[in-house]
Amino acid sequence: MLLAVLIANSEGNILVERFNGVPAEERLHWRSFLVKLGADNLKGVKNEELLVASHKSVFIVYTVLGDVSIFVVGKDEYDELALAEAIFVITSALKDVCGKPPTERLFLDKYGKICLCLDEIVWKGLLENTDKERIKRLVRLKPPTEF
Amino acid sequence: MAQPLVKKDDDRDDEEYSPFLGIEKGAVLQEARVFNDPQLDARRCSQVITKLLYLLNQGETFTKIEATEVFFSVTKLFQSRDIGLRRMVYLMIKELSPSADEVIIVTSSLMKDMNSRTDMYRANAIRVLCRITDGTLLTQIERYLKQAIVDKNPVVASAALVSGIHLLQTNPEIVKRWSNEVQEAVQSRAALVQFHALALLHQIRQNDRLAVSKLVTSLTKGTVRSPLAQCLLIRYTSQVIRESGVNTQTGDRPFYDYLEGCLRHKAEMVIFEAARAITVLSGVTTRELTPAITVLQLFLSSSKPVLRFAAVRTLNKVAMTHPMAVTNCNIDMESLISDQNRSIATLAITTLLKTGNESSVDRLMKQITNFMSDIADEFKIVVVDAIRSLCLKFPLKYRSLMNFLSNILREEGGFEYKKAIVDSIVILIRDIPDAKESGLLHLCEFIEDCEFTYLSTQILHFLGNEGPKTSDPSKYIRYIYNRVILENATVRASAVSTLAKFGAMIDSLKPRIFILLRRCLFDNDDEVRDRATLYLNTLGGDGSVVETDKDVKEFLFGSLDIPLTNMETSLKNYIQNPSEEPFDINSVPKEVKSQPLVEKKAPGKKPTGLGAPPTGPTSTADTYERILSSIPEFTSFGKLFKSSAPVELTEAETEYAVNVVKHIFDRHVVFQYNCTNTIPEQLLENVFVIVDASEAEEFSEVGSKPLKSLPYDTPGQTFVAFEKPEGVPAVGKFSNMLRFTVKEVVDTSTGEAEDDGVEDEYQLEDFEVVAADYMVKVGVSNFRNAWESMGPDFERIDEYGLGPRESLAEAVSTVINLLGMQPCEGTEVVPSNSRSHSCLLSGLYIGNMKVLVRLSFGIDASKEVAMKLAVRSEDENVSDTIHDIVASG
């Protein structure tokens, strides 16, 4: 299960937070844990360089893209490698929507589109689409090109 | 958006303003009224939805009324023809997840979209409907979903398949009807459709071994289009291998070639999955393991942290079972100690601790000392655990490892970390007699400056039990009495009890202990004063040097043989029904109510430290002893010698889960059947096991204790006792049939059942009592000393041919398991490719006889293994018996 996708700005404020199968009372804990993890480790990290951590039986893969940090959390079959795949899809889609690694402002300007992309990528904890070209079309309700 | 923005060319200035600056829920809900406009402004509506999404993503919640209002307004947007807006509407409805009574409003619109000619409407409508639907609606749309699974458009098919995966949790019986369509989708040319279909098909059929095996056989030969699907297939293959075992004729393992082939796949994800699958094969040979280890080793020096992490994590697991296989990677692993990523560094360290040999311990400890200062507590705990295991493996190295532990104990750290260190020191003290005195002193120094009351009291308790048995007990008194002067009331009370224990055990210290205890009579805390008074009285506080009464010692050192939950219930009842009579502890029932027994995981159980001292109430052995002593029929059996690990008598995921624990007494064995009822609709009563001992001639049944009631998911126990000849390691096979009365549960929430039941029975698997059941694993810290001091009086030496074996390691582990003894000094590990090996074992044989065994193995080119067995024990019969066990095994 892909437990969470969280996107924060450089100060650690949450921009997008989507949990799946995480009880409401644990969400705050996860949020602060991830933000602290980012604050401790993401300084000076290059765009899209993936970092990894594990906490109990849960894996976390995270990275920076422009002004935003992206975290994905998973367990069981969503181990560090599957999460790396998921975060790769997310960063590609973000770059596609924003045209470049986004500033915080640009990210918020494209907020609606980004939500739609995330909706296409992760659906209730399962990875659904992985190809950015296809995602780009799907958010505009266009069928995939290969079809 | 809410705040009009002036576009500027300079990006940096732009960043100061957020389009959501000052966003406020009330205002956005007001704005949402535009959804009701007769002339819809699609762009504006999309903007408002974006704001609503932003609020929800920030963790904002809507009240029931707010959500309903927004939901109803959003449904109006189905009128708009704007495609962008429609996509937003789908997302918004999912986010709002309307309640069952509201769903009806959108179902017709969604059903229409589901049959729309626009593919993408279909895909999205499916996803929304499946998100908000319940069972009844699902049966109405099932036909469309089945069609969608085989839809030509991959997005529609994927939407239906992923919906199926989710719906399987809530409506399994419906989704299971789709397996033909899903089967067809597995053959799809679209990569993701195949991936989703494979996942769903496996979930539908996961309990049907034959079907899974067929699926794996056909797909491993066919084409799998995406790395993700390939990973799933590897996982399922690994499951099939686990269940099918090695081909006994050819010695080949089915599908191994497929897994090995995947090691050369271009996607890293697949390579790792295959390597992991190989490393967890049961009884994996060195030949099978080598290719997997080789690829993992390459990834250790990858530039990507995720790959380094994945590699070191996998190797860490391998090191637990096959430490020698990982030693080749040690050099790469050592360079990871300085890895920027602390998770990787910690895994590298703990792997090295597992694979290192005795000579490398000191060098490793030096490296770790530098590393410890810059990692977080959670990583430190992992390292401490690994060091404890290392110390138990190489007891001769206890000095440097104990020093390391005491050094880190003095440094800053949180409770969990300190507790891990203290637990480790306690375990080392217990298992390595030579380490006792220095370990106790380290603990004493720690409590001089310990900020955690819990740890102080636990250490004081432990000190009271162990300190009096040391060569110079008086040196601990100062540390204990300091607690009485300096600490809070809880710690002071513990210190008083500890002082009393020293007084009880050591007569020469008694007068001095009395002086200290009398000082405690003036403490300002009730509990401390009470304890001091109690102990002065029980120990005979007149200061005379007399031997302490046996009852008093029992009172001070014995464990409370009443389950604490029973005690709590009795006390609560007592308070609720006030009475003139004082509370009588004998009125508390000793019988342990059905409780979830955690020892299912016993084989991989970590040794616990202070949390479960051997005399404490939580250790498994103690729990067993208490359970058995509460059954009057078994009290005459004497002292429990050994309890085996639970043996499963049912397969996983059956209606009733049963395992058995074999309790060995001098002249009896008691089988404890731990039963769990996994059917919520059933209540079992009068549960017992009919045991057929016709293949266990020396055993005769003498009694049993049925279980009155076994409700759903609350484990309970039933027992059967057998008599056997004293001192003889009688063996035999037992067949078992579970009998019970089953009653239907009327209300699953309360567990209320019908009055009438039906008698039924359930066949359990057989199990055996083997020679190893009469042996307790007890290690010695220095085998050579123990061997010399045992002397050659009852030594028996003989040689055996073990015939052709798979490998030397396999032969060694077979003999160890046959004898059930504790391997000493890490000699259970056989270096790969070695032609000979020596193994040292120690144990306690029934009748409390110490036994030591030296095994020497040799293997020749044709894999014939020869073994020399030398036994020393305290009794010649026992030495002979060990030979008999090997000869007949």
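The values are calculated or read from the model by the stated rules, or taken from the named source; none is laboratory data. Because the structure is a prediction, the values reported are computed rather than measured. Cβ: placed from backbone, ideal geometry, glycine included. Neighbour counts: every protein chain shown. These accessible areas exclude ligands, DNA and RNA; they are computed on the full protein's heavy atoms, side chains included. Shrake-Rupley method; radii C 1.70, N 1.55, O 1.52, S 1.80 Å.
A few notes on this one:
- Counting Cβ atoms of other protein chains within 10 Å of each residue's Cβ and taking the mean over peptide A:107-114 gives 6.
- Remark on the protein assembly as shown: ratio of C-alpha radius of gyration to 2.2 N^0.38 Å is 1.09.
- Computed with a 1.4 Å probe over protein heavy atoms only, the accessible surface of region B:307-395 comes to 38 Å² per residue.
- Mean Cα-pair separation over length for region B:359-498, i.e. relative contact order, pairs under 8 Å, 6 or more apart, %: 19 percent
- Å³ per residue enclosed by the Cα convex hull of chain B: 255 Å³
- Measuring against 25 Å, Cα to Cα, the residue pairs B:Lys304/B:Lys393; A:Lys46/B:Lys25; A:Lys142/B:Lys76; B:Lys550/B:Lys639 contain B:Lys304/B:Lys393; A:Lys46/B:Lys25 as the ones spanning a longer distance.
- Using the 1.4 Å probe convention, the accessible area of region B:668-751 works out to 43 Å² per residue with neighbouring protein chains retained.
- Applying both filters, DSSP loop and at most 12 other Cβ atoms within 10 Å, to the trypsin sites (Lys or Arg not before Pro) of region B:729-797 eliminates every site.
- Paramagnetic reach from B:Glu698 in region B:868-889 [backbone N under 17 Å; point 7 Å along Cα→Cβ]: B:876-889
- Added length on full extension, which subtracts the Cα-Cα distance from 0.36 nm per residue, B:Thr565 to B:Glu581: 3.6 nm
- Fully extending the segment from B:Lys266 to B:Glu633 would add 125.6 nm, taking 0.36 nm per residue of separation and subtracting the current Cα-Cα distance.
- Accessible area buried, both sides summed, chains A and B with 1.4 Å probe, Å²: 4700 Å²
- Cα centroid of region A:73-109 to Cα centroid of region B:220-236, whole Å: 25 Å
- In nm, spacing of pseudo-spin labels at B:Arg143 and B:Phe557 (7 Å Cα→C-beta vector): 8.1 nm
- Take each residue of peptide A:123-131, count the partner chain Cβ atoms within 10 Å of its Cβ, and average: the result is 6.
- Isotropically averaged projected area of region B:396-519, using the convex hull of Cα atoms (one quarter of hull area), nm²: 7.1 nm²
- Within-11-Å neighbourhood charge of B:Arg784 [Cβ basis; K, R +1; D, E -1]: -1
- Helix axis angle, B:42-57 relative to chain B longest principal axis, alpha carbon, degrees: 10 degrees
- Mean separation of Cα contacts under 8 Å, 6 or more apart, over the residue count of chain B: relative contact order %: 5 percent
- Shape call, region B:332-465: gyration tensor on alpha carbons, a/c limit 1.5: oblate
- Label-zone membership for region B:15-56, site A:Lys100, 7 angstrom Cα→C-beta point, backbone N under 20 Å: B:15-19
- ³J(HN,Hα) computed for each position of region B:337-352 - Karplus, 6.51 cos²θ - 1.76 cosθ + 1.60, integer Hz, glycine/proline x: 4, 9, 4, 3, 7, 5, 4, 5, 4, 5, 4, 5, 4, 5, 5, 4
- Prolate/oblate/rounded call for region A:48-147, Cα gyration tensor, a/c under 1.5 rounded: oblate
- Of the solvent-accessible surface of chain B, computed with a 1.4 Å probe and all protein chains present, 50% belongs to carbon and sulfur.
- Value of [θ]222 nm, deg cm²/dmol, for chain B, DSSP H segments ≥ 4, -39500 (n - 2.57) each, nearest 500: -16000 deg cm²/dmol
- The distance separating the Cα centre of region B:748-807 from that of region B:78-130 comes to 61 Å.
- Calculated from backbone phi, Karplus (6.51, -1.76, 1.60) coupling profile of region B:67-80 in Hz, x at Gly/Pro: 4, 4, 4, 4, 4, 4, 5, 4, 4, 4, 5, 4, 5, 6
- Taking 13 Å as the straight-line reach from the Cα of A:Lys43, the aspartates and glutamates in range (excluding those fewer than 8 positions away in the same chain) are A:Glu11, A:Asp67.
- Per residue, the solvent-accessible area of region B:166-288 (1.4 Å probe, heavy atoms of protein chains only, all protein chains present) comes to 49 Å².
- Apportionment of accessible area to carbon and sulfur, chain A, percent (1.4 Å): 50 percent
- Helix B:100-114 vs. chain B, principal-axis angle (Cα, 0 to 90°, nearest 10): 60 degrees
- Rounded Å value of the spacing that divides the Cα centres of region B:844-858 and region A:1-35: 56 Å
- Sites matching trypsin sites (Lys or Arg not before Pro) across region B:160-199 that sit in DSSP coil, with at most 15 neighbouring C-beta atoms within 10 Å: B:Arg189
- Threshold 40 Å², region B:78-124 residues less accessible with all protein chains present than alone (1.4 Å probe): B:Ile83, B:Arg87, B:Leu91, B:Met120
- Taking the three principal axes of the alpha carbon atoms in region B:157-308, the coordinate ranges are 46, 43, 27 Å, sorted in descending order.
- Peptides B:216-222, B:825-831, B:672-678 ordered by average Cβ neighbours within 10 Å, highest first: B:672-678, B:825-831, B:216-222
- Label point 7 Å beyond Cα of B:Thr814 along Cβ direction - residues of region B:847-889 with amide nitrogen under 11 Å: B:864-866, B:889
- Counted residue by residue at 0.36 nm each, then reduced by the alpha carbon distance between them, the extension gain from B:Arg784 to B:Arg796 reaches 2.6 nm.
- With a simple spin-label model that places each label point 7 Å from the Cα along the Cα-to-Cβ direction, the separation between A:Asn41 and B:Ser360 comes to 2.5 nm.
- Mean sequence separation of contacting Cα pairs (under 8 Å, at least six apart), scaled by the length of chain A, corresponds to a relative contact order of 22 percent.
- Directionally averaged projected area (region A:24-63, Cα convex hull): 3.1 nm².
- Taking 7 Å steps out from each Cα toward its Cβ at B:Ile690 and B:Thr321 produces label points 3.9 nm apart.
- The sum of -39500 (n - 2.57) across all DSSP H runs of n ≥ 4, divided by the residue count of chain A, sets its helix-only mean residue ellipticity at 222 nm to -13000 deg cm²/dmol.
- Considering region B:48-123 at the alpha-carbon level, its Rg and Dmax are found to be 12.6, 37 Å.
- Links that overshoot a 28 Å alpha carbon limit, given the list A:Lys75/A:Lys95; B:Lys397/B:Lys863; B:Lys380/B:Lys662; A:Lys136/B:Lys152; B:Lys469/B:Lys850: B:Lys397/B:Lys863; B:Lys380/B:Lys662
- Against chain B, whose longest principal axis is taken from its Cα atoms, helix B:415-431 shows a tilt of about 40°.
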